[in-house]
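The values are calculated or read from the model by the stated rules, or taken from the named source; none is laboratory data. This structure is a prediction, so every number in the text was calculated from the model and none was measured. Here the Cβ positions follow ideal geometry from the backbone for every residue, glycine too, while neighbour counts run over all protein chains shown. For accessibility, only protein heavy atoms count, side chains too; no ligands or nucleic acids. Shrake-Rupley method; radii C 1.70, N 1.55, O 1.52, S 1.80 Å.
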Amino acid sequence: MRRKVIAGNWKMNKTIAEAHAFIEQVKERLPKSDQVEAIVCAPFIHLPLLVEKAKGTNLKIAAQNMHEQESGAFTGEVSPTMLKDIGVTHVIIGHSERREYFAETDETVNKKVHAAFKHGLTPIVCVGETLEQREANETKEQVASQVKKAIARLTDEQVREVIIAYEPIWAIGTGKTASSADANEVCQHIRETIEKETSANIANKVIIQYGGSVKPTNIDELLAQSDIDGALVGGASLEAGSFLQLVEAGTNE
Ligand SMILES: O=C(CO)COP(=O)(O)O
């Protein structure tokens, strides 16, 4: 059985004091279970503090983005080498907000995914359709195309380690969640797409998360679906209590 992976994406939120208060509350109360993996994806400036405080706990610390090069003249960017150096384990790649506001493309996403593996970081690759695409019945086509391009030229062993986060753009921060059945149908399609690119054996091991207005009140139903192995959570991950409830939900399945 696949483990559950609950990742909180803080986006551009929290001061150092707030990050500190969060980690102090969370680290003592994390469920001790191999069934669930908990990850906090924080702004770059918080990463050293969080990595330090999370030592000896099950909590993993992730970045929300990175550059694909190891170093160089890329003002304002952070490299995979730097993330690895401070003890970060995961990195979100191609979040829809990065695609929309920072012009990330399927090609840059693929380069970053390769760079993540080169440096021993696990990529959490975000895919998802816009409202227009959903209404035009293009969801599966869009998501499959993003997945194929993201994993292009990876080895099967690398594909097995990728975490895919299916986040319908219209459900992010809107309070609208895809129904659990609809979300599962798309996650199943993602798994079938991966199977065609690799094998059933690999596809069955890939963790596929759902993201978009996930809360303690809807997490159980989402995690009960056959192909949803976790969640990438924005708003409801900011508060220690609700983040812990979400992680706890991952131990129930
Ligand atoms: O974008 C998201 C996580 O990456 C989802 O955000 P919300 O949970 O706030 O809808």
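The single condition from (1) over 19 Å from S96 (Cβ atoms); (2) outside any helix (DSSP H, G or I); (3) open to solvent by less than 10 Å² (accessible area, probe 1.4 Å) that I194 fails is (2).
Whenever a residue of region 39-59 is among the basic types (K, R) and assigned to a helix (DSSP H, G or I), its partners that are more than 16 Å from the ligand (Cβ to nearest atom) and at pLDDT below 95, lying with C-beta atoms within less than 8 angstrom and at least six residues away or across chains, give the pairs K53/K27. Evaluated against (1) within 16 Å of the ligand (Cβ to nearest atom); (2) open to solvent by 80 Å² or more (accessible area, probe 1.4 Å), Q64 falls short on exactly one condition, (2). Can you confirm whether region 210-221 contains a residue that is under 19 Å from C126 (Cβ atoms), part of a strand (DSSP E or B) and either within 11 Å of the ligand (Cβ to nearest atom) or over 15 Å from the mean Cα position of the chain (by Cα) (or both)? Yes, region 210-221 contains at least one residue that is under 19 Å from C126 (Cβ atoms), part of a strand (DSSP E or B) and either within 11 Å of the ligand (Cβ to nearest atom) or over 15 Å from the mean Cα position of the chain (by Cα) (or both). For region 222-249, filtered to residues that are open to solvent by 10 Å² or more (accessible area, probe 1.4 Å), in a loop (DSSP other than H, G, I, E, B) and touching a Lys or Arg at 6+ places or on another chain (Cβ under 9 Å), the residue that is farthest from the ligand (Cβ to nearest atom) is D227. Can you pull out the residues in region 143-157 that are crowded, with 18+ Cβ neighbours inside 10 Å and part of a helix (DSSP H, G or I)? V143, A144, Q146, V147, A150, I151 - these are the residues of region 143-157 that are crowded, with 18+ Cβ neighbours inside 10 Å and part of a helix (DSSP H, G or I). Considering only residues in region 120-132 that are open to solvent by 40 Å² or more (accessible area, probe 1.4 Å) and away from the ligand (no atom under 16 Å from the Cβ), the one that is nearest to E167 (Cα to Cα) turns out to be E132.
Each residue in region 67-107 was checked for being in a helix (DSSP H, G or I) and either away from the ligand (no atom under 16 Å from the Cβ) or under 22 Å from I39 (Cβ atoms) (or both), and 13 pass.
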